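Below is one structure; the comments refer to it alone.
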């Protein structure tokens with residue numbers, strides 16, 4: 001398939017479901033850059049971090065729900081090609097919301113297929129996942145000939161995406177009702193774990209846990225390898241897949257090369273997950289642990305969190321409920337080798353990653369370093385607990401009556417400080433020290449980080465030197 005750079009794009013209308021997301025927004029902008037006549041983003045969110053930029057480039061942002069067939073038909077009407085990226089429940093507590101996972105990933109995909117068929121839209125590119133063939137068993141340099149992983153044994157997300165992908169591929173080649181000789185052509189792109197500047201699912205969770213010191217171990221073994229794909233490489237693959245569905249190529253009329261096909265897409269450089277993220281965490285001054293936890297032990301931990309969060313099912317969509325530390329499906333993703341060949345994508349789509357893993361990670365590191373400079377930094381969760389609990393205990397034993405367990409703490413404190421007078425003087429001095437450090441942090445932050453001055457004040461008031469040292473380090477770097 002040797003086509004021009006903008007074959008099938010110039011002068012055509014495109015719809016990107018999930019267009020306000022990380023990959024979807026990048027795809028919309030690339031379609032605009034390549035000369036698309038009109039690009040529509042269809043998303044259930046009214047805005048996102050990328051929506052203003054999309055609108056500035058002429059992308060029409062339509063809010064709607066995949067579960068609502070009328071919303072889907074309205075968004076897709078008049079399109080020449082649809083990229084179906086929207087999905088739900090890839091990881092974290094969302095994965096346990098089984099009903100919503102199925103409604104969005106299966107019913108939503110069905111609505112997209114039906115709309116394409118009824119509206120005469122000739123091309124549909126579906127973004128699938130490795131999980132349609134991977135479910136915890138090692139795969140080394142796998143290819144598209146692999147059977148689907150048994151649906152009953154898959155996790156909720158993988159099961160729903162497998163069903164949806166099979167629906168999409170079975171719709172391939174269906175003639176439209178108008179009997180005009182035209183057909184609906186479909187294909188599926190199965191991307192590896194996605195990364196890049198602004199990625200919002202994998203790396204933010206890892207960085208947040210590392211910042212708090214809550215990555216106590218690595219999972220699996222150093223020899224375990226998995227695939228990653230940089231966002232620009234994935235966008236390129238999606239555009240090539242859409243070209244592969246064109247049915248008017250001279251000499252191949254009615255026989256699109258990608259029709260009915262699935263393709264694995266990655267950077268083509270399998271690597272251990274913890275080795276991959278280490279440069280990023282190191283650049284942010286966060287640590288990776290040196291110890292390893294075996295997959296069976298990690299699975300046990302994941303099942304415990306699965307059970308706890310299943311009990312908490314009614315509150316899974318509440319903002320105050322944090323993400324589970326890890327779930328069984330996530331253990332498999334990082335702890336079991338699974339990577340795939342790019343040969344089919346290279347031969348049929350002429351896909352070649354244009355951004356190397358080194359350059360992709362360099363861009364990602366630059367983004368995260370800038371993001372860290374703009375946000376409030378702080379110590380690990382252990383420093384928080386030590387400082388906050390310590391100050392509360394000091395104030396409690398100095399000023400509250402000895403009731404219950406507090407009497408034991410007060411007795412121990414008196415053993416050290418000898419008298420209540422000394423104990424109360426210490427509590428007053430400690431509070432004054434925290435207040436002085438907080439005021440100093442306020443004035444220092446006004447100079448080096450004015451946007452977060454209030455945050456630095458309150459954090460330093462609570463933590464004292466544990467917080468102030470991070471601000472002092474930031475001030476030193478800016479000199």
Working only within the range 339-362, note down all residues that are surrounded by fewer than 17 Cβ atoms within 10 Å (Cβ to Cβ) and part of a helix (DSSP H, G or I).
343, 346, 347, 358, 359, 362
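Look through 237, 259, 241, 221 and report the one residue that is in contact with a strand residue (DSSP E or B) (Cβ under 7 Å, 6 or more places away or on another chain), part of a loop (DSSP other than H, G, I, E, B) and buried (at least 17 other Cβ atoms within 10 Å of the Cβ). Steps first, please.
Working: 237 fails: part of a loop (DSSP other than H, G, I, E, B); 241 fails: part of a loop (DSSP other than H, G, I, E, B); 221 fails: buried (at least 17 other Cβ atoms within 10 Å of the Cβ).
Step by step, each of 237, 259, 241, 221 is checked, and only 259 is in contact with a strand residue (DSSP E or B) (Cβ under 7 Å, 6 or more places away or on another chain), part of a loop (DSSP other than H, G, I, E, B) and buried (at least 17 other Cβ atoms within 10 Å of the Cβ).
So that you can scan it fast, the table gives a plain yes or no per residue for (1) in contact (Cβ under 8 Å) with a residue 12 or more places away in the chain; (2) in a loop (DSSP other than H, G, I, E, B); (3) under 30 Å from residue 310 (Cα atoms); (4) out of contact with any helix residue (DSSP H, G or I) (no Cβ under 7 Å at 6 or more places or on another chain):
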| position | (1), (2), (3), (4) |
| --- | --- |
| 5 | yes, yes, no, yes |
| 28 | yes, no, no, no |
| 82 | yes, no, no, no |
| 90 | yes, yes, yes, no |
Regarding the range 168-179, can at least one residue be identified that is at pLDDT 95 or above, part of a helix (DSSP H, G or I), over 21 Å from the mean Cα position of the chain (by Cα) and crowded, with 16+ Cβ neighbours inside 10 Å?
yes
So for the range 189-201 (the condition being out of contact with any helix residue (DSSP H, G or I) (no Cβ under 7 Å at 6 or more places or on another chain) and under 30 Å from residue 348 (Cβ atoms)), does at least one residue qualify?
yes
Is there a residue in the range 110-126 that is under 27 Å from residue 226 (Cα atoms) and modelled with pLDDT of 95 or more?
yes
Restricting the range 97-110 to residues that are surrounded by fewer than 21 Cβ atoms within 10 Å (Cβ to Cβ) and touching a residue at least 12 places away in the same chain (Cβ under 8 Å), the one farthest from the chain's Cα centre (by Cα) turns out to be 110
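Could you say which residue among 325, 305, 276 is touching a strand residue (DSSP E or B) at 6+ places or on another chain (Cβ under 9 Å) and either assigned to a loop (DSSP other than H, G, I, E, B) or in the same structural domain as residue 135 (by TED's automatic domain parsing) (or both)?
Exactly one of 325, 305, 276 is touching a strand residue (DSSP E or B) at 6+ places or on another chain (Cβ under 9 Å) and either assigned to a loop (DSSP other than H, G, I, E, B) or in the same structural domain as residue 135 (by TED's automatic domain parsing) (or both), namely 276.
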Hey, any hits in the range 351-364 for a residue that's in contact (Cβ under 8 Å) with a residue 40 or more places away in the chain, more than 28 Å from residue 262 (Cβ to Cβ) and in the same structural domain as residue 217 (by TED's automatic domain parsing)?
yes
By residue number, the members of the range 30-56 that are within 25 Å of the chain's Cα centre (by Cα) and touching a residue at least 60 places away in the same chain (Cβ under 8 Å) are 30, 31, 49, 50
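Kindly indicate whether any position in the range 124-131 is free of Cβ contacts under 8 Å to residues at least 40 places away in the same chain and either under 22 Å from residue 23 (Cα atoms) or assigned to a helix (DSSP H, G or I) (or both). If you could, list the steps in order and put the result at the bottom.
Keep residues of the range 124-131 that are free of Cβ contacts under 8 Å to residues at least 40 places away in the same chain, which gives none.
No, that holds for no residue.
The values are calculated or read from the model by the stated rules, or taken from the named source; none is laboratory data. The structure presented is a predicted model; accordingly, all values stated were derived computationally and were not measured. So basically every Cβ, Gly included, is an ideal-geometry build from the backbone, and we count neighbours across all protein chains shown.
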